[in-house]
Amino acid sequence: MTARRLAVLLAVGGVLAVTGVGEWTAAGTGREPLVPTPPGPGASEIAVEMLDNDFLPEVLRVAPGSTIVWRNLGRNAHTVTADDETWTSASLTAGQTYRHTFPRPGAYTYYCVPHGGREGQGMAGIVLIGDAPRPEAPPRPPTPASGRPRTLEVPGLYSTIQAAVRAARPGDLVLIGPGRYREEVVVTTPGVTLRGRDRTRVILDGGFKRANGVKVLGADGVVIENMTARHYTANGFYWTGVRGYRGSYLTAYNNGEYGFYAFDSVFGQLDHSYAAGHPDSGFYIGQCKPCHALITHVLAEGNALGYSGTNAGGDLTIRDSIWRHNLAGVVPNTLDSERLAPQDAVRVVTNLVYSNHNLRAPAERLQYPSFGNGIILAGGINNVVEGNLVWDHPNYGILVIANLDDRLWIPSGNVVRHNAVWAAGRADLALAAPAGPGNCFLGGRHRRSRPPAIEGLYGCGSPLRRIGGGDPGPFLVMFQQYLLARSGRIRSPDWRTQPAPPPQPGMPEPLAPPEPAWPTTESRRAVPAPVAAPSAPPAEAYAFASQFSSRPQRGAEWLRLILYLLPVALYSVSVLLVGADLWRRRDLRPASRVGWLALALFIPFVGAGIYLLLRLLRRRGRKRSTAAP
């Protein structure tokens, strides 16, 4: 999906409650209750919510003559398409609706074209009219065979990739020769490997009209290797509802949503791959907990977000990769528009994250509030960010912040340690208010933070970390960018016209036998915890090497903290002075006392100043009156 309404107020919409006209099936009954249809005109419209990527409710039983209204409450565009294609919606963006009336009893199955398939695969649903029985789900294909795999060559034995995939059995290798393949490949057989002979010359081309380059629907253990997907209206490479997946040595560029999209899927790996020119994110893993997933040795540039992961975590590691020249870098986040909120337990370790302030990158309107930040933990909990080099961001290098969707998601339990962060415009490290307990910062190299002296105030041994808090400044910065995005003054470049990337390194042995999706050599290699902080800038940071700090400027940071807290202290003193004086006065009615106190509280400094000045002038007037003969 996905990066999705990020930072504070990065989005509007999400999960709404079903309107009371549908009920979930009771466990073990096998029947859905009939939804009562009240009499009267307009009473038979019943709502179904479209989230990313689910219909809620998935199964709905209604009376004949009812009209179903599907409303897209997610971030992505979705369709409502009958399995037999007798009725279909257009592509529905966020907030749009589609209506269809069902006059006769029957079972009507449907799906979303970009994110699902016929017979209940992926994002799909059923409408049962009257007493029609629910169709039986097709049996799940068998698990991969242990015998010797076959090699199905394209072109050669098969003229299209899809034809070879249909013929494939679990364990087979579909080996694709150089060429431009104008098709969308749908994989429903588990354990199949799709591999190009040449990463740069094997090109899946969507022609700006097909949805996905490769769409894997509920097929476990599918591996895609050594090819390029471009010009699809949704995603380059997409897995949904699978157990076991891998994408290696892949290039995805100039697709309408994501380059790599793993949704509701576990035990997976994305490695040695490249993503550019996507208006959402280059790499996305969403709605899994625990995910048991790894992103390693990838490069994302020229996207709205390098990485976005909504409600994804638990044994999910992003490591040893480069995130550069995007609108924002690495953004795990919590949203109501997907299940399993809040986002929980991602480890971001030993990455290079730099220069993510690219206004020439295509971006959806509500991605802009994340602009100019390296790593954002948006409403997530229990994440670890360590051992990364982060530089050249006009806002914040590493930012921990709440995320507002239908609910306000407060970050807590996040650990930011042993990173080298420098050359950030506003602050290298930031904890935005409101923040929950348990967020802490330790052992990093940075110059400035918000609040100042962040490793002292919110160090991993500080009592204050148990309370929470943070600095309201980053919240206001994100909110300002959100308002700017909502105003329509930000014009995003078109993803269709982004430049093609340079060739990327291909798979070392494209004719080797297939390897399993999971576990992999990389997934077995554990990264030690904690990771030591980098001691020197990399070669990529040559232009900013002079700003690299070998140690935090602790004295300057504590001085900034004193100056930061000074207005708060002066404000508190001024309010206390006004309050104490009002407590002693007997010449004012209670309403007047409350009014003056409110003035001092809600108009800082000015309110208290007016009161104290008038009080001083009155006392002088009394002294003159007493001294007069």
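Quick one: is Ser412 at negative phi, small (Gly, Ala, Ser), open to solvent by 10 Å² or more (accessible area, probe 1.4 Å) and without any contact (Cβ under 8 Å) to a residue 24 or more places away in the chain? When the stated conditions are applied, Ser412 does not pass them. The single condition from (1) over 26 Å from the mean Cα position of the chain (by Cα); (2) at pLDDT 90 or above; (3) under 22 Å from Ala94 (Cα atoms) that Trp70 fails is (1). Kindly establish whether Leu194 is surrounded by 24 or more Cβ atoms within 10 Å (Cβ to Cβ) and without any contact (Cβ under 8 Å) to a residue 40 or more places away in the chain. So Leu194 fits the description; yes. Of all residues in the range 165-174, one or more are of a type in the set (A, V, I, L, M), open to solvent by less than 30 Å² (accessible area, probe 1.4 Å) and part of a helix (DSSP H, G or I).
One line per residue, one yes/no per condition, for (1) over 30 Å from Arg491 (Cα atoms); (2) not polar (S, T, N, Q):
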{"site": "Val349", "(1), (2)": "yes, yes"}
{"site": "Val385", "(1), (2)": "yes, yes"}
{"site": "Asn388", "(1), (2)": "yes, no"}
{"site": "Leu408", "(1), (2)": "no, yes"}
{"site": "Val416", "(1), (2)": "yes, yes"}
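Please go through the range 200-222 and pick out each residue that is surrounded by 24 or more Cβ atoms within 10 Å (Cβ to Cβ) and among the hydrophobic types (A, V, I, L, M, F, W, C). Scanning the range 200-222 gives Val202, Leu204, Val214, Val216, Leu217, Ala219, Val222.
Restricting attention to the range 185-224 and to residues that are in a loop (DSSP other than H, G, I, E, B) and among the β-branched types (Val, Ile, Thr), the residue that is farthest from His115 (Cα to Cα) turns out to be Thr200.
For the range 324-363, what are the residues that are in a strand (DSSP E or B) and within 13 Å of the chain's Cα centre (by Cα)? So that I can check it myself, show each step before the final result.
As a first pass, look at the range 324-363 and keep what is in a strand (DSSP E or B): 324, 328-333, 344, 346-349, 352-354.
Once the filter is applied, which keeps residues that are in a strand (DSSP E or B) and within 13 Å of the chain's Cα centre (by Cα), the range 324-363 yields Ala328, Gly329, Val330, Val331, Pro332, Asn333, Asp344, Val346.
In the range 99-110 there is no residue that is free of Cβ contacts under 8 Å to residues at least 24 places away in the same chain, among the aromatic types (Phe, Trp, Tyr) and in contact with a strand residue (DSSP E or B) (Cβ under 9 Å, 6 or more places away or on another chain). Among the numbered conditions (1) assigned to a strand (DSSP E or B); (2) modelled with pLDDT under 95; (3) more than 31 Å from the chain's Cα centre (by Cα), the only one that Ala132 does not meet is (1). Only a single item in (1) more than 29 Å from Ala304 (Cα to Cα); (2) in a loop (DSSP other than H, G, I, E, B) is not met by Arg447, and it is number (1). Working carefully through the options Leu152, Leu128, find the one that is crowded, with 17+ Cβ neighbours inside 10 Å and within 30 Å of Pro64 (Cβ to Cβ). The match here is Leu128.
For Ser535, indicate whether it is polar (S, T, N, Q), at pLDDT below 85 and not in a loop (DSSP other than H, G, I, E, B). The answer is no for Ser535.
Within the range 452-505, the residues that satisfy the criterion of being out of contact with any Lys or Arg (no Cβ under 9 Å at 6 or more places or on another chain), assigned to a loop (DSSP other than H, G, I, E, B) and open to solvent by less than 50 Å² (accessible area, probe 1.4 Å) are Ser462, Gly468, Pro501. Can you name the residue in the range 394-409 that is in contact with a Lys or Arg (Cβ under 9 Å, 6 or more places away or on another chain) and farther than 30 Å from Ala536 by Cα and is also least open to solvent (accessible area, probe 1.4 Å) among such residues? For the range 394-409, the residue satisfying everything is Asn403. Restricted to the range 364-432, the set of strands (runs of 3 or more DSSP E) holding at least 1 residues that are more than 17 Å from the chain's Cα centre (by Cα) comprises 384-386, 389-393, 396-401, 415-417, 420-424, 427-431.
Number of residues in the range 431-451 that are surrounded by fewer than 20 Cβ atoms within 10 Å (Cβ to Cβ) and among the aromatic types (Phe, Trp, Tyr) equals 0.
As a summary of the residue check, Gly374 satisfies the conditions (1) open to solvent by 10 Å² or more (accessible area, probe 1.4 Å); (2) free of Cβ contacts under 8 Å to residues at least 60 places away in the same chain except for the one numbered (1). Being hydrophobic (A, V, I, L, M, F, W, C) and over 19 Å from Val348 (Cβ atoms) is the filter; apply it to the range 513-539 and report the residue that is surrounded by the fewest Cβ atoms within 10 Å (Cβ to Cβ). Per the criteria, the residue is Ala539.
The values are calculated or read from the model by the stated rules, or taken from the named source; none is laboratory data. This one's a predicted model, so the numbers in the text were calculated from it and none came from an experiment. A quick note on method: Cβ atoms are made from the backbone with ideal geometry, for glycine too, and the neighbour counts reach across all protein chains shown. Side chains are part of the model used for accessible areas, which takes the heavy atoms of the whole protein and leaves out ligands, DNA and RNA. Shrake-Rupley method; radii C 1.70, N 1.55, O 1.52, S 1.80 Å.
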